[in-house]
Amino acid sequence: MQRTLSIVKPDGVNKNLIGEVIRRFEKAGIGVIALKMVHLTKKQAEGFYAVHRQRPFFDSLTTFMCSGPIVPMVLEGKDAIKKVRDIMGATNPKDAAPGTIRKDFADSIESNIVHGSDGPDTAAFEISYFFNATEIFELKG
Ligand code: AMP
């Protein structure tokens, strides 16, 4: 079993896609073990995306991520990190495969509906950024 962090970004929340995103993960056998809705400050968004601090899109990305509420969640399942990224599709919706969340709903490389951790170390950092141990649950069966 593997854990990963996903976020329905402000554009996904605005487009009423919270349920659709979760449905696609659950349908693939990936369970939600933690969930909340938060509105990040600019500082909090910058902390989350600290690895991208030197990138040209850092300011725009962090402004976008605090433009409205977001829905971070911890997902658990076999090979969850890769499965979630496959379900999301490529970062740029123009490159995303048919049937992926970003192909179906995203407007641009920045406003791309959903986030998913890109590896085990990133997942551990990102999960702890939003959730403490008492907010993460065990699923039965
Ligand atoms: P990642 O950590 O790979 O999820 O990348 C962070 C986010 O940065 C992506 O999901 C996009 O929303 C955004 N992003 C990545 N590349 C670009 C880019 N070239 N221009 C604008 N935003 C980008």
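The values are calculated or read from the model by the stated rules, or taken from the named source; none is laboratory data. This structure is a prediction, so every number in the text was calculated from the model and none was measured. So basically every Cβ, Gly included, is an ideal-geometry build from the backbone, and we count neighbours across all protein chains shown.
Within the stretch 19-50, work out how many residues are of a type in the set (Val, Ile, Thr) and surrounded by fewer than 17 Cβ atoms within 10 Å (Cβ to Cβ). Reasoning before the result, please.
Taking the stretch 19-50 and keeping what is of a type in the set (Val, Ile, Thr), we get 21-22, 30, 32-33, 38, 41.
Add one more test, that the residue is surrounded by fewer than 17 Cβ atoms within 10 Å (Cβ to Cβ), and what stays is 32, 38, 41.
The number of residues fulfilling the criteria is 3.
Taking the criterion of being away from the ligand (no atom under 13 Å from the Cβ) and part of a helix (DSSP H, G or I), the residues of the stretch 74-83 that qualify are ALA80, LYS82, LYS83.
As a summary of the residue check, TYR129 satisfies the conditions (1) within 12 Å of the ligand (Cβ to nearest atom); (2) in a helix (DSSP H, G or I) except for the one numbered (1). For the stretch 50-73, the count of residues that are outside any helix (DSSP H, G or I), within 16 Å of GLY119 (Cβ to Cβ) and at pLDDT 95 or above is zero. Scanning the stretch 104-126 for residues that are hydroxyl-bearing (Ser, Thr, Tyr), assigned to a loop (DSSP other than H, G, I, E, B) and within 15 Å of MET73 (Cα to Cα) gives a single hit, SER117. The set of residues in the stretch 18-35 being outside any helix (DSSP H, G or I) and either within 15 Å of the ligand (Cβ to nearest atom) or out of contact with any helix residue (DSSP H, G or I) (no Cβ under 7 Å at 6 or more places or on another chain) (or both) consists of GLY29, GLY31, ILE33, LEU35. Checking each residue in the stretch 47-97 for being under 17 Å from GLU20 (Cα atoms) and among the acidic types (Asp, Glu) picks out only ASP86. Among all positions in the stretch 41-49, there is no residue which is small (Gly, Ala, Ser), closer than 24 Å to THR134 by Cβ and away from the ligand (no atom under 15 Å from the Cβ).
Going residue by residue through the stretch 89-96, is there one that turns out to be closer than 12 Å to SER6 by Cβ and within 15 Å of the ligand (Cβ to nearest atom)?
Kept after step one, since they are closer than 12 Å to SER6 by Cβ, are these residues of the stretch 89-96: none.
No: the stretch 89-96 contains no residue that is closer than 12 Å to SER6 by Cβ and within 15 Å of the ligand (Cβ to nearest atom).
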